Each structure stands twice: as structure tokens, then as C-alpha cells.
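Undergrad: Structure provided below as C-alpha cells; questions to follow.
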Amino acid sequence: MRRALGYAWATAFVLLCWWLLALCVSSPALPGPVRTVQELAANMDSLLPQAAITLERLVAGLAVGTALGAPLGLLAGSSERVDRWVSPVLYVLFPIPKVVFLPVLFVFFGLGGQAKVLLIAIAVFFQTMVTMRDAAREVPSGIKDAMRSLGGNRWCVFAHVTVPLTLPYLFSALRVSTGTAVAILFIGESMAGSTGLGYYIMHSWSMLEYARMFSGIVVLAVLGVLLYELFDFAERHLANRR
């Protein structure tokens, strides 16, 4: 109930600011929220399929990047031997903006969804790996020693100490990565192809259909909120957080 009230207050605040700004600007390029909602309802048949495509790409990219980055980050943070090999590669590749790989991926995988999913996975991989590597390093050595004193081997310490204590950091990494993934996917969908919310938004902009464009932006924001809610739900149940 408290979360619902929070969302209601936040939505009302955003809509009020949006309405006031549209009133002050008084330009067709900035339609008000009422006009945008009307356009959204009128184009629901064409908008929902595009939203489904974008959501599928986001989930696939986040899943692949996290499944590869999180375990490697935990291993690097738990083992100095692994970290000696991982850290140099990480320091070389992590500062590079991942969106620069998009043209290369288009060459090898075409303009469809595969290239966009892979680009998201690459970005999420590095962000997740860095977060989990640092989180594993912060696990108190006293807890590890206590597990070893009870007869636990290296695998037991990793599975029963490192993983549970770093799990909240994984969800934090997912939240940060989601924002990056949405931005990267928007660029990919707007640059090439004819599907997804990025294409829908930029095509509407090119046709000067600003209310239609803002309706796509609203749906994109809703997808982000849904993913954040999913992460919060999973964290409450898997990491014992309330």
C-alpha cells in the first residue's frame, strides 16, 4: 500500500510539472499529459507490440550480461589469482563506451534484435562484473575464517558466505544496468531496424507527431518501472530484505 501511494504521489508530481511546463512553453513540440494519454490510447494497437519487442530485448540482454558478469566478478573478488588475470582486461575495456561496438555488431549480426541484445549484454556484463568484484572484496574475512574453522572448504565459503552477502549488490547492479540498457537499446533501435520503442519514438519525431512520440516515451518509462519492481520483489524474497 505504501509503495502504491508513493507511485501515485510521484506520478501526480511528474504530471503536474509536465502540465505546467507544457502550459508555459505552449508549443506543439511539447504536448501536455492529457493529449499524450489520448494519443497513447488511440495508438495502443501499434504501441504495445513495439513495447513487447523492446521489453524482450531488455530482459534478454540483462539476463545474458548478468549471468556472465556476476559469477566472474565474484570469482575475481574472491581469488587474487583470478583477479590478476581479470583486472587488467577490465581496466582496458571498461572505460570504452559500449555503444561504439554497435556498428561492428550490425556488420556481423545484421540490423535485427540480436545485435541490440548483445550490445546490452556487453554493457551489463562489465557493470555487473565490477560491482560484484568489489562486493566480494568487502566480505569480512572473519566470517570466512569462521566458516573454515567449521570445516568448510573454499567452495563452501564461496557458496555460503560470499554469494549470500553480495546478493544485494547484484540487485543494485541490475538497477544501474537497467538504466544503461534502456539508453543503449534506444540508440540501437533508433539507428537501425523498424521495431521497438526507440524506432517508434524517433519515427514519430521525424513525422512531427509529438504527442505520439511522448506516448512512446511514457511507455518506455513504464517498462523501466516494471523492471525495477521486479528487481525489488526478487531482492525482498531472495536477499531477505524488506
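Undergrad: So what is the relative contact order of the stretch 70-214, in percent, for Cα pairs below 8 Å that sit 6 or more residues apart?
TA: About 26 percent, as a whole number.
Undergrad: Test of understanding: in a Gaussian network model of the chain with alpha carbons linked when under 10 Å, which of ALA221, ALA12, ALA211 would top the mean-square fluctuation ranking?
TA: Answer for the Gaussian network model of the chain: ALA12.
Undergrad: Also, quick follow-up: If you rank GLU80, GLU39 by how much accessible surface each has, with a 1.4 Å probe, what is the order from largest down?
TA: From most exposed to least exposed: GLU80, GLU39.
Undergrad: For the stretch 6-50, take the convex hull of the Cα atoms, compute a quarter of its surface area, and give me that in nm², please.
TA: Computed as one quarter of the Cα hull surface, the answer is 3.9 nm².
Undergrad: If you roll a 1.4 angstrom probe over the protein chains with everything in place, what fraction of the accessible area of the chain belongs to carbon and sulfur, to the nearest %?
TA: 71
Undergrad: Return a whole-number percent for the relative contact order of the chain, with Cα pairs under 8 Å and 6 or more residues apart as the contact set.
TA: About 26 percent, as a whole number.
Undergrad: Calculate for the chain the 222 nm mean residue ellipticity that helices alone would give, adding -39,500 (n - 2.57) per DSSP H run of length 4 or more and normalising by residue count, nearest 500 deg cm²/dmol.
TA: -27500 deg cm²/dmol
Undergrad: Please work out the C-alpha center-to-center distance from the stretch 52-131 to the stretch 169-225 and express it in whole Å.
TA: The stretch 52-131 and the stretch 169-225 have Cα centres spaced 19 Å from each other.
Undergrad: Then there is this: Starting from the Cα-Cα distance between TYR7 and SER87, subtract it from 0.36 nm times their residue separation and give me the gain in nm to one decimal.
TA: 24.8 nm
Undergrad: Given (1) 120; (2) 152; (3) 164, which label gives volume of the Cα convex hull per residue in Å³ as computed from the coordinates?
TA: So the structure-derived entry is (2).
Undergrad: If you take every residue apart from LYS144 with its C-beta less than 15 Å away from the C-beta of LYS144, what net charge results, scoring Lys and Arg +1 and Asp and Glu -1?
TA: With Lys, Arg at +1 and Asp, Glu at -1, the neighbours total 0.
Undergrad: Using just the Cα positions, wrap the stretch 160-241 in a convex hull and report its mean projected area in square nanometres, one decimal place.
TA: 6.2
Undergrad: Picking from LEU170, LEU72, LEU21, which is most flexible by a Gaussian network model of the chain using Cα springs under 10 Å?
TA: LEU21
Undergrad: Between VAL14, GLY113, ALA60, whose Cα lies farthest towards the positive end of the dipole of the chain when Lys and Arg beta carbons carry +1 and Asp and Glu beta carbons carry -1, centred on the Cα centre?
TA: Towards the positive end, the residue furthest out is ALA60.
Undergrad: Here's something else I'd like to know. Taking 0.36 nm per residue of sequence separation and subtracting the Cα-Cα distance, how much length would be gained by fully extending the chain between VAL14 and ASP134, in nm to one decimal?
TA: My answer for the length gained is 39.7 nm.
Undergrad: Just to make sure I understand: if all protein chains stay in place, what is the order of ILE184, ILE53 by accessible area at 1.4 Å, largest first?
TA: The residues order as ILE53, ILE184, largest area first.
The values are calculated or read from the model by the stated rules, or taken from the named source; none is laboratory data. The shown structure was predicted, so the numbers you read here are calculated from the model rather than taken from an experiment. Positions of Cβ are backbone-derived with ideal geometry, glycine not excepted, and every protein chain shown enters the neighbour counts. Accessible surface is based on the protein model in full, side chains and every heavy atom, while ligands, DNA and RNA are left aside. Shrake-Rupley method; radii C 1.70, N 1.55, O 1.52, S 1.80 Å.
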